[in-house]
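Trainee: Got a structure for you, written out below as structure tokens; questions coming shortly.
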Amino acid sequence: MKARYLLTASAALLIGATVFAQSQNFKLGKWTEIQNAVLQELSRSYVDTLPVDRIERAGIDAMLSSLDPYTVYIPEEENEDLQMMINKTYGGIGAVIFKPDVNGNVIINEPYAGSPAVKAGLRCGDEIMTIDGLSTHGLTSQQSSEKMRGKPGTQVKFKVVKVYSKDTVDVVVTRERIHLPDVEYAGMLSDGKTGYIYQSGFTENVSLAVKEAFLKLKGQGMEKLVLDLRGNGGGLMNEAVSIVSLFVPKGSLVVSCKGLAPGTDREYRTSTEPLDTKIPIIVLVDSGTASSSEIVSGALQDLDRATIMGERTYGKGLVQSIRPLPYNGQLKVTTAKYYTPSGRCVQAIDYAHRNEDGSVGHIPDSLTHEFKTAHGRTVRDGGGITPDDTLKSKEYSRLVYSLVMNGIINEYAIKYVTEHKNAAEDFYLSDKEYADFVAFAKDKKFDYRSSAQTYFDQMKKELQKDGLADGAKAQIDALQKAIDMDKETFLNLKKPEIVPFIEEEIAVRYYYQEAGIKIRIRYDDELRDALTKPLISF
């Protein structure tokens, strides 16, 4: 009887799955037929010439956006952007440019260390007048950048006004495959015992870069490692697995994936012998730590191999795969969810069940579940990786964000370089130089209001809407007087916040990205706090 029941149940499941598949296929065929019929009728009847490419692309984008933000269509002409996203590579000269005026020259803003631009003698402040004989006047920054990019091995010719001599010279640069490194810095901290690796992404071969950095630091006497994944938005899953494999025994489960399509249910285990299973590790995370970064931090937490410190991570537990499409297009499609070794899914947002207005919501804490690490500690799913020790991140004023987003600090760094041939690698901004920055910034147009002022302005509007402004005029005027501050005064008030940003930007212009990160470490209170915390040990 029991065997007959099991056979009957199995048959029912098989029939149900078949009916579901048939239903899905019917719906797909139905809507494909409707869409084709609509397009054909538009082509026959529409009053103007039908912009087929535009409306079809808009339709595809709208369709995919109803699923999740990571499932996107990539046409052939955007494949270069895909490669930049996956591998952080492109063909070009290896420099960030700045174009303050569409009718002016292109300014070399920040050449990358060892790039073709540096090899050709280009430096910050040099002005490009022509690109392959074409004047840069009238070109946008984007158009100028596109003309500088090209197939590795090809040449591009510039007419350049040199920053210090003001000579006009011809400069020929041979393009290369530019790779922006994911391990942006690796060095020993001031205590002489702690190694620090700052990793910004998970593109191809980053695990090899982490391995090389670790061995270098170990050779310098490292006794403890800080792996900084703050702001790291993730990337390739296999690179995350390879990084975890450096620190845990061979054969350890790192992550598992579960999806609907055949072949998407998989386990990923370490397949190589580790470098070190004993050295204490701190992993720094924040709300910008996502995807593969969460695989690394979640696995090291579940395996009780590292102490996770910082803020709760972003919560992206979705896996994307690249699928080829006709006409050399590609579909980046979400194919599975991933789970940490304890069984947690860190996905924080439910894209499958949208509200009536199209919005999506976070998974509430009441619907999360408890899981256990390798040594029995309790961890939870449903909303990123919760750190073992919470660190308070630094908060910046609205003024600082405005200075950065409006490029004021960036412009001042270029100005500084044009006026100073040299600067110390361990750069400090003097009081006189900060006064020069204030004089520079106060003449620029940007929203310098404090957060208090923006709330106050909104409150006045609401009082006026409700007809209460006249009755509260005395109080409003008194409050306005208390919080009103001119641009120069506010810039001087926020000097301690602003100076580190200026120092970093200036150091980068002379000594490239590593110098900037060293200055960032100088002011990193969160990192200093982490080094005082006790680590989890077993």
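The values are calculated or read from the model by the stated rules, or taken from the named source; none is laboratory data. This structure is a prediction, so every number in the text was calculated from the model and none was measured. Cβ coordinates were reconstructed from backbone atoms using ideal geometry, including for glycine residues, and neighbour counts include every protein chain displayed. Ligands, DNA and RNA are stripped out before the accessible areas are found, and what is left, the full protein with its side chains, is counted by its heavy atoms. Shrake-Rupley method; radii C 1.70, N 1.55, O 1.52, S 1.80 Å.
Trainee: Check region 165-177 and report whether any residue there is hydrophobic (A, V, I, L, M, F, W, C), outside any loop (DSSP other than H, G, I, E, B), open to solvent by 70 Å² or more (accessible area, probe 1.4 Å) and modelled with pLDDT of 95 or more.
Mentor: yes
Trainee: Within region 488-498, is there a residue that is over 30 Å from Leu391 (Cα atoms), assigned to a helix (DSSP H, G or I) and open to solvent by 50 Å² or more (accessible area, probe 1.4 Å)?
Mentor: yes
Trainee: How many residues does region 151-162 hold that are in a strand (DSSP E or B), open to solvent by 40 Å² or more (accessible area, probe 1.4 Å) and closer than 23 Å to Asn79 by Cα?
Mentor: Going through region 151-162 one residue at a time, the tally reaches 1.
Trainee: Being surrounded by 13 or more Cβ atoms within 10 Å (Cβ to Cβ), under 29 Å from the mean Cα position of the chain (by Cα) and of a type in the set (A, V, I, L, M, F, W, C) narrows it down to one residue among Met148, Met129; which is it?
Mentor: Going through Met148, Met129 in turn, just one is surrounded by 13 or more Cβ atoms within 10 Å (Cβ to Cβ), under 29 Å from the mean Cα position of the chain (by Cα) and of a type in the set (A, V, I, L, M, F, W, C): Met148.
Trainee: When region 408-422 is examined, which residues are found to be touching a residue at least 40 places away in the same chain (Cβ under 8 Å) and within 30 Å of the chain's Cα centre (by Cα)?
Mentor: Ile409, Asn410, Glu411, Tyr412, Ala413, Ile414, Tyr416, Val417
Trainee: Filter region 390-399 down to the residues that are farther than 12 Å from Arg312 by Cβ and either open to solvent by 20 Å² or more (accessible area, probe 1.4 Å) or in a loop (DSSP other than H, G, I, E, B) (or both) and list them by number.
Mentor: Lys392, Lys394, Glu395, Tyr396, Ser397, Arg398, listed by residue number.
Trainee: Can you tell me which residue in region 84-103 is farthest from the chain's Cα centre (by Cα), limited to those that are open to solvent by 40 Å² or more (accessible area, probe 1.4 Å) and among the aliphatic types (A, V, I, L, M)?
Mentor: Only one residue tops the list, namely Val102.
Trainee: Restricting region 184-207 to residues that are open to solvent by less than 30 Å² (accessible area, probe 1.4 Å) and within 23 Å of Asp81 (Cβ to Cβ), which is farthest from the chain's Cα centre (by Cα)?
Mentor: Checking each candidate, the answer is Val206.
Trainee: Another question about this same structure. Does Gly125 count as in contact (Cβ under 8 Å) with a residue 60 or more places away in the chain and on the phi > 0 side of the Ramachandran plot?
Mentor: Yes, satisfied.
Matching residues to (1) in contact with a helix residue (DSSP H, G or I) (Cβ under 7 Å, 6 or more places away or on another chain); (2) assigned to a loop (DSSP other than H, G, I, E, B):
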| residue | (1), (2) |
| --- | --- |
| Tyr90 | yes, no |
| Ile97 | yes, no |
| Glu110 | yes, no |
| Cys124 | yes, yes |
| Ile128 | no, no |
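Trainee: Would you mind finding the one in Leu260, Leu275 that is touching a residue at least 40 places away in the same chain (Cβ under 8 Å), out of contact with any strand residue (DSSP E or B) (no Cβ under 6 Å at 6 or more places or on another chain), farther than 30 Å from Tyr90 by Cα and not aromatic (Phe, Trp, Tyr)?
Mentor: Of the residues listed, the single one that is touching a residue at least 40 places away in the same chain (Cβ under 8 Å), out of contact with any strand residue (DSSP E or B) (no Cβ under 6 Å at 6 or more places or on another chain), farther than 30 Å from Tyr90 by Cα and not aromatic (Phe, Trp, Tyr) is Leu275.
Trainee: Turning to a different aspect of this structure: Are there any pairs, at least 6 apart or on different chains, whose C-beta atoms fall under 6 Å, with the first in region 94-113 and over 10 Å from Asp126 (Cβ atoms) and the second assigned to a loop (DSSP other than H, G, I, E, B) and of a type in the set (Gly, Ala, Ser), and if so, which?
Mentor: Close Cβ pairs satisfying both conditions: Gly94/Ser115; Tyr112/Gly94.
Trainee: So, one more: Do the conditions hold for Thr335, that is, is it part of a strand (DSSP E or B), closer than 30 Å to Leu64 by Cα and hydroxyl-bearing (Ser, Thr, Tyr)?
Mentor: In short, yes.
Trainee: It is to be established whether one or more residues within region 335-351 are surrounded by fewer than 17 Cβ atoms within 10 Å (Cβ to Cβ), free of Cβ contacts under 8 Å to residues at least 12 places away in the same chain and over 14 Å from Gly298 (Cβ atoms).
Mentor: Looking through region 335-351, none of the residues is surrounded by fewer than 17 Cβ atoms within 10 Å (Cβ to Cβ), free of Cβ contacts under 8 Å to residues at least 12 places away in the same chain and over 14 Å from Gly298 (Cβ atoms).
Trainee: Looking at (1) part of a loop (DSSP other than H, G, I, E, B); (2) more than 21 Å from Ser65 (Cβ to Cβ); (3) of a type in the set (S, T, N, Q), which is the one condition that is false for Gln347?
Mentor: Among (1) part of a loop (DSSP other than H, G, I, E, B); (2) more than 21 Å from Ser65 (Cβ to Cβ); (3) of a type in the set (S, T, N, Q), the lone unmet condition for Gln347 is (2).
Trainee: Here is a follow-up. Could you check how many residues of region 298-307 are open to solvent by less than 10 Å² (accessible area, probe 1.4 Å) and part of a loop (DSSP other than H, G, I, E, B)?
Mentor: 1
Trainee: State all residues of region 35-62 that are surrounded by fewer than 11 Cβ atoms within 10 Å (Cβ to Cβ) and closer than 18 Å to Glu77 by Cβ; if no residue qualifies, say none.
Mentor: Within region 35-62, Asp53, Arg54 meet the criteria.
Trainee: Could you pull out the residue among Val226, Val210, Val254, Val244 that is over 30 Å from Gly192 (Cβ atoms), touching a strand residue (DSSP E or B) at 6+ places or on another chain (Cβ under 7 Å), modelled with pLDDT of 95 or more and open to solvent by less than 50 Å² (accessible area, probe 1.4 Å)?
Mentor: From the options Val226, Val210, Val254, Val244, the qualifying one is Val254.
Trainee: Find the strands (runs of 3 or more DSSP E) located wholly in region 184-280 whose residues include 3 or more that are in contact with a Leu (Cβ under 8 Å, 6 or more places away or on another chain), and list them.
Mentor: Output list reads 194-199, 224-228, 266-269.
Trainee: Ok, one more. What are the pairs with Cβ atoms under 6 angstrom where one residue, in region 286-297, is surrounded by 24 or more Cβ atoms within 10 Å (Cβ to Cβ) and the other, located anywhere, is of a type in the set (A, V, I, L, M) and in a loop (DSSP other than H, G, I, E, B)? Sequence gap at least six, or different chains.
Mentor: These pairs meet every condition: Thr289/Leu229; Ser293/Leu229; Glu294/Val346; Glu294/Ile385; Ser297/Ile385.
Trainee: Something else: Filter region 513-538 for residues that are open to solvent by 60 Å² or more (accessible area, probe 1.4 Å), touching a residue at least 60 places away in the same chain (Cβ under 8 Å) and in contact with a Pro (Cβ under 8 Å, 6 or more places away or on another chain) and give the result.
Mentor: Matches in region 513-538: Ser537 only.
Residue-wise test of (1) open to solvent by 60 Å² or more (accessible area, probe 1.4 Å); (2) basic (Lys, Arg); (3) outside any helix (DSSP H, G or I); (4) touching a strand residue (DSSP E or B) at 6+ places or on another chain (Cβ under 6 Å).
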site	(1), (2), (3), (4)
Tyr434	no, no, no, no
Val438	no, no, no, no
Asp443	yes, no, yes, no
Phe456	no, no, no, no
Met459	yes, no, no, no
Gln464	yes, no, no, no
Ala469	no, no, yes, no
Ala474	yes, no, no, no
Asp477	yes, no, no, no
